[in-house]
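Each remark here refers to the structure printed beneath this line.
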Amino acid sequence: MLSEKIKSELNQQINREFSSCYKYLAAAAYCDSNDMSGFAHWFKLQAQEEIQHGMKIYNYLDDMGGDVELLPIEKPKAKFANFEEVFQSAVDCEKALAQNFNDLASLAQAENDQITHSFLKWFLDEQIEEIALTSSILAKIKLIGNETGSLYLLDQELGKRTLIED
Ligand code: MG
């Protein structure tokens, strides 16, 4: 049912989601090592979300009779100059994922694969939220700068995040 090209691209996208999980875990570790446990908590949940996304694609590929192929995951960037750079990398990561899903949706359309195209709709909507969420936190970090009292309050706020199962 799925073309070889679509199967291959879906496997690539599974890899990108799991690679994002790894990037967010590295960001969490940086925050933990700098005693920002709320920021770290936020990134750990973000990492779990990426696993959920990867598994959504894994299950779709399997349901459609495709073979899941797990590709290598690169060592993520672990050193950051400051929290602004950490959240900037999260925004960049989500924008790149949005572009990947956009390209995948274009491919599905070009191949007249309406089932995959419909499946990808959820991810396109999800990426709007992901970009908005990470961008809003980055904007706050930029406003705060090195003001420790405000950083502490933001750490408390991000520490309250809960995981939403999709
Ligand atoms: Mg994702």
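The values are calculated or read from the model by the stated rules, or taken from the named source; none is laboratory data. This one's a predicted model, so the numbers in the text were calculated from it and none came from an experiment. Note: ideal-geometry Cβ built from the backbone for every residue, glycine included; neighbour counts use all protein chains shown.
Taking the conditions exactly as written (within 26 Å of GLY65 (Cβ to Cβ), modelled with pLDDT of 95 or more and either more than 16 Å from the ligand (Cβ to nearest atom) or assigned to a helix (DSSP H, G or I) (or both)), does ALA105 satisfy them or not? Don't jump to the end; show me each part of the working.
Working: within 26 Å of GLY65 (Cβ to Cβ): yes; modelled with pLDDT of 95 or more: yes; either more than 16 Å from the ligand (Cβ to nearest atom) or assigned to a helix (DSSP H, G or I) (or both): yes.
In short, yes.
Hey, can you tell me all the residues within region 80-94 that are within 11 Å of the ligand (Cβ to nearest atom) and free of Cβ contacts under 8 Å to residues at least 12 places away in the same chain? Correct list: empty.
Among the residues of region 25-38, which ones are of a type in the set (A, V, I, L, M, F, W, C) and within 15 Å of ALA81 (Cβ to Cβ)? Full working, then the answer.
Filtering region 25-38 for residues of a type in the set (A, V, I, L, M, F, W, C) gives 25-29, 31, 36.
If the condition is that a residue be of a type in the set (A, V, I, L, M, F, W, C) and within 15 Å of ALA81 (Cβ to Cβ), then ALA26, ALA27, CYS31, MET36 are the ones that fit.
Could you tell me whether any residue of region 59-77 is buried (at least 19 other Cβ atoms within 10 Å of the Cβ), farther than 21 Å from THR162 by Cα and more than 16 Å from the ligand (Cβ to nearest atom)? Yes, region 59-77 has at least one match. Annotation: of all residues in region 108-129 being assigned to a helix (DSSP H, G or I), touching a residue at least 40 places away in the same chain (Cβ under 8 Å) and of a type outside the set (Phe, Trp, Tyr), the one that is nearest to the ligand (Cβ to nearest atom) is GLU126.
Considering LEU151, LEU143, LEU97, LEU163, which residue is in contact (Cβ under 8 Å) with a residue 40 or more places away in the chain, over 21 Å from ILE51 (Cα atoms) and among the hydrophobic types (A, V, I, L, M, F, W, C)? Spell out the reasoning first.
On the way: LEU143 fails: in contact (Cβ under 8 Å) with a residue 40 or more places away in the chain; LEU97 fails: over 21 Å from ILE51 (Cα atoms); LEU163 fails: over 21 Å from ILE51 (Cα atoms).
Going through LEU151, LEU143, LEU97, LEU163 in turn, the sole match is LEU151.
Would you confirm, using the coordinates I've provided, whether PHE39 is in contact with an Asp or Glu (Cβ under 6 Å, 6 or more places away or on another chain), in a helix (DSSP H, G or I) and among the aromatic types (Phe, Trp, Tyr)? Considered against the rule, which asks whether it is in contact with an Asp or Glu (Cβ under 6 Å, 6 or more places away or on another chain), in a helix (DSSP H, G or I) and among the aromatic types (Phe, Trp, Tyr), PHE39 comes out as yes.
Please determine, by comparing only the residues of region 130-141 that are of a type outside the set (A, V, I, L, M) and within 12 Å of the ligand (Cβ to nearest atom), which one is surrounded by the fewest Cβ atoms within 10 Å (Cβ to Cβ). Of everything passing the filter in region 130-141, THR134 is surrounded by the fewest Cβ atoms within 10 Å (Cβ to Cβ).
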